[in-house]
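Have a look at the structure below, then the notes.
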Amino acid sequence: MFTSFEPKNTLLLGPGPSPVSESVLASLSKPTIGHLDSSFFVMMDEIKMMLRLLFSTTNDITFPVSGPGSAGMDTCVVNLVEPGDEVIVCINGAFGQRIAESVAKVGGIVTEVHSEWGAPTQPEQLEQALLKTPNCKIVSFVHAETSTGVRNDAKTLCEIAHRFGALTLVDAVTSLGGIPVCVDEWGIDAVFSGSQKCLSCPPGLSPVSFSQRAVNKANSRTSPIPSWFMDVTKVASYWTGQARAYHHTAPVNALYGLHQSLVDYHSEGKELAFTRHAAVSTELIKGLAILGLYPLVEKKYRLPQLVTVKVPEYLDEEKLRKVLLDTYDIEIGAGLGKLAGKVFRIGVMGNGARIENMQRLLSALSEVLVQDFISIKCKTEAFG
Ligand SMILES: *Cc1c(COP(=O)(O)O)cnc(C)c1O
């Protein structure tokens, strides 16, 4: 017979999902109510308010898309990009490339601006591309590139885009909650995030926000929005306004979880949360240095919430991750794409960003590397 699934208790210190607290887990198992229940609308309104605080915006259209971060990305893209629109996408990692693919799928004409993986997009690169693309309608980039651990200068990139009359479409999946995301002040027009990174909620929801300029662009399209589900003009009638019409059956319990994670987040306060992410990350990097492990990214571009660590020549990083997971119940992430095998990735996200978690990881690493590193180096088949 089939029996219930019993997940193990792993300390999640990879690139997401991050550790989910007891309070959020408990909220998920509360009784399911109807997605059109008036008390549920009250909770939805609170989610919107708490998301606006987090995004630093007054945008009316601010809500969680029912789907993972990638669904939020597609929501931004299908509403803003029309066939034939010229779009500049800054790429310095796997997630920038993903935006370029999404834009191309709806008929956008993509100009890719590439920088080295591990370095940020330089403002001059975007300026040069905009000079060569006078009809550019949208500039897109990833604020916190989780594949490399780099922070792109969102404020400056948005400023440049607006100077050239382009809208901005920003991936804030890993940035939201871990570092400031100032949607109104920086002039971000469409932004998407994810529940499972610095908000420490289970995966499956993608907070988005649209500026008035973005809403105008969606409303003044000459071609229809190429998605029924992600058409923001339709889904907004469920999330905003007086009528609250049925659009799709909202993931009721998942939204309890997001609500609770936002309550917990705001009861700490975002400034304290940013400080905690930065402080815990600094401690992690100090501890890694003692073990002879160093970050890939230069300090001024380094994200606190996602640390990419260079793999020393002697080390089999795949085996290292396997031992950490199997023996110590700690998950860290592999390198992605071009950085596969060259780095491993440590998430310092949400509830993961606590000193005691880093101490547990560092002591496991030191056992594996210092006492046991002969076995990693020589007896690799033992773990195969
Ligand atoms: C995780 C992540 C995504 C994708 O989110 P999913 O929830 O996996 O769809 C997109 N962009 C960045 C920067 C991410 O870290």
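The values are calculated or read from the model by the stated rules, or taken from the named source; none is laboratory data. Keep in mind that this is a model prediction, so the values were computed, not measured. Surface areas here come from the heavy atoms of the whole protein model, side chains and all, with no ligands, DNA or RNA. Shrake-Rupley method; radii C 1.70, N 1.55, O 1.52, S 1.80 Å.
Things worth noting here:
- Atom-type composition of the exposed protein surface of the range 197-272 places 59 percent of the accessible area on carbon and sulfur (1.4 angstrom probe).
- Surface share of carbon and sulfur [accessible, 1.4 angstrom probe, percent] for the range 36-114: 57 percent
- Remark: for residue pairs K310/K338; K286/K310; K299/K322; K319/K342, the C-alpha separation exceeds 18 Å in K299/K322.
- Accessible surface of R52 - all protein chains present, 1.4 Å probe, nearest 10 Å²: 50 Å²
- Computed from Cα atoms, the angle from the helix 270-290 axis to the main principal axis of the chain rounds to 30 degrees.
- Per residue, the accessible area of the chain comes to 42 Å² when a 1.4 Å probe rolls over the protein heavy atoms.
- Prolate/oblate/rounded call for the chain, Cα gyration tensor, a/c under 1.5 rounded: oblate
- Spatially, the range 128-194 and the range 244-303 are offset by 19 Å when compared through their Cα centroids.
- Global geometry of the range 30-102, whether rounded, prolate or oblate, following the gyration tensor of its Cα atoms and the 1.5 cut on a/c: prolate
- For the chain: relative contact order, % (alpha-carbon pairs under 8 angstrom, 6 or more apart): 23 percent
- Bridging of K234 to lysines at a Cα separation below 27 Å is possible for K48, K105, K137, K217, once same-chain residues fewer than 8 apart are set aside.
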